Amino acid sequence: MSAPARLLRKVCMVEAVRGDDANWWERLPVYTLTFADPGGERMPCRIDCGDVVKVIVPNYKPKSYSMSRQGDGEFDITYKF
């Protein structure tokens, strides 16, 4: 198991829009989460956009997400909620 990555920021890229019915969404929100690389330094491997990382949140089922960016000491995951 690898070291945990610390969440640095969460940015809403696209606001949600509800339809006429309060239970129906016309457009779902899109968020980008930026994480610090585990261990505080650049990961010792190259990660290309579209490569998958597995996110494990305690008490939830693990889920895989595509990477949207890797920078110095951090990486992004962008997802539609």
Under a 5 Å amide H to amide H cut-off, with H placed in plane at 1.01 Å, what residues pair with A16 once short-range neighbours are removed?
none
In nm, spacing of pseudo-spin labels at L7 and E74 (7 Å Cα→C-beta vector)
1.5
Expected unfolding gain across R18-Y65 under the 0.36 nm per residue rule, minus the alpha-carbon gap, is 14.4 nm
Ranking request for peptides 26-36, 52-62: highest mean number of other beta-carbon atoms within 10 Å first, then the rest in descending order.
26-36, 52-62
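Every read-out reported here was derived from the displayed coordinates using simple, explicitly stated rules and does not represent laboratory data. This is a predicted model, so every value here is computed, not measured. Methodologically, a virtual Cβ is constructed for each residue, glycine included, from the backbone with ideal geometry; neighbour enumeration extends over all protein chains shown.
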